Amino acid sequence: MPITRLNHAVLYVRDVALTREFYETVLGFRTKVWMEGRAAFFQAPGSTNDHDLGTFQIGSGAGPSQAGTSSVGLYHLAWEVDTLAELARLAEVLTSRGALVGATDHVTTKALYAKDPDGLEFEVCWILPADLISDDVLAKVAAMDMKPLDITMEIARYGAETRGGVGVSIPA
């Protein structure tokens with residue numbers, strides 16, 4: 001049986017209440033299950049999954065993740081948004097929270113990188129629709145022609161409300 005999609009991810013966190021506030025306020029996730037001081041399960045806006053993110057509290061004494069610096073481990077999760085307008089809105093929210101740590105134009109993916117209260121990195125991205133992926137675009141991808149993301153320029157190029165990922169991550 002082939003795998004069709006990621007159903008959910010699970011994170012260990014220091015303070016589940018702080019995590020809840022962040023994911024609800026910043027990314028608009030809904031809390032589906034709340035176990036005070038122990039765990040929370042969240043559903044992303046627009047998701048039909050039972051939950052997309054599970055979190056388990058391990059306490060304030062937990063050290064930072066060493067993944068990618070001195071140990072193997074997960075680098076980040078990537079959450080997809082429908083429009084560049086939503087990506088721009090989230091860039092402002094993440095900046096106001098001091099959570100935004102980077103923004104990259106990966107040619108077919110326009111990506112924001114941020115950290116949650118535990119310093120765990122995540123990505124929020126908009127994906128170029130399949131009908132806009134030309135041979136020229138694919139050549140830039142192959143050349144790893146990445147540069148800093150200019151959301152204003154991308155909105156001018158593709159439109160603020162163009163639905164991303166059509167024919168790529170979601171059916172046409």
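The values are calculated or read from the model by the stated rules, or taken from the named source; none is laboratory data. These numbers were taken from a predicted model, which means no experiment stands behind them. In this analysis, Cβ positions are derived from the backbone assuming ideal geometry, glycine residues included, and neighbour counts consider all displayed protein chains.
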Between a first residue in segment 1-29 that is among the polar types (S, T, N, Q) and a second residue that is part of a helix (DSSP H, G or I), which pairs have beta carbons less than 9 Å apart while being 6 or more apart in sequence or on different chains? 25/93
Need pairs with beta-carbon distance below 6 Å; first residue assigned by TED's automatic domain parsing to the domain that holds residue 126 and within 14 Å of residue 81 (Cα to Cα) and within segment 150-162, second at pLDDT 95 or above and assigned to a loop (DSSP other than H, G, I, E, B); sequence gap 6+ or separate chains. 161/83
Would you check which residues across segment 48-68 are in contact with a Phe, Trp or Tyr (Cβ under 9 Å, 6 or more places away or on another chain) and over 19 Å from residue 118 (Cα atoms) and list them? 50, 51
Identify the residue in segment 87-121 that is closer than 20 Å to residue 21 by Cα and charged (D, E, K, R) and, among all such residues, is surrounded by the fewest Cβ atoms within 10 Å (Cβ to Cβ). 92
Taking residue 85, is it more than 22 Å from residue 159 (Cα to Cα) and over 13 Å from the mean Cα position of the chain (by Cα)? no
Just the residues that are more than 25 Å from residue 87 (Cα to Cα) and among the hydroxyl-bearing types (Ser, Thr, Tyr), please, taken from segment 9-56. 12
So residue 50 clears everything in (1) surrounded by fewer than 14 Cβ atoms within 10 Å (Cβ to Cβ); (2) outside the structural domain of residue 17 (by TED's automatic domain parsing); (3) within 30 Å of residue 35 (Cα to Cα) except one condition, right? Which one? (2)
Could you name every one of the helices (runs of 4 or more DSSP H) located completely within segment 72-172 that has at least 2 residues being of a type in the set (Gly, Ala, Ser)? 84-96, 135-142
Would you confirm, using the coordinates I've provided, whether residue 20 is of a type in the set (D, E, K, R), surrounded by 12 or more Cβ atoms within 10 Å (Cβ to Cβ) and either not in a loop (DSSP other than H, G, I, E, B) or not assigned by TED's automatic domain parsing to the domain that holds residue 149 (or both)? yes
Subset of segment 57-86, residues surrounded by 19 or more Cβ atoms within 10 Å (Cβ to Cβ) and among the polar types (S, T, N, Q), comes to 57
Of the residues in segment 122-132, those that are surrounded by fewer than 20 Cβ atoms within 10 Å (Cβ to Cβ) and touching a helix residue (DSSP H, G or I) at 6+ places or on another chain (Cβ under 8 Å) come to 132
Selected residue [surrounded by fewer than 18 Cβ atoms within 10 Å (Cβ to Cβ), at positive phi, at pLDDT below 95 and in contact with a helix residue (DSSP H, G or I) (Cβ under 9 Å, 6 or more places away or on another chain)] from 167, 159: 167
Tell me which of these residue 135 doesn't satisfy, since it passes every other one: (1) surrounded by fewer than 13 Cβ atoms within 10 Å (Cβ to Cβ); (2) of a type in the set (Asp, Glu); (3) within 14 Å of the chain's Cα centre (by Cα). (3)
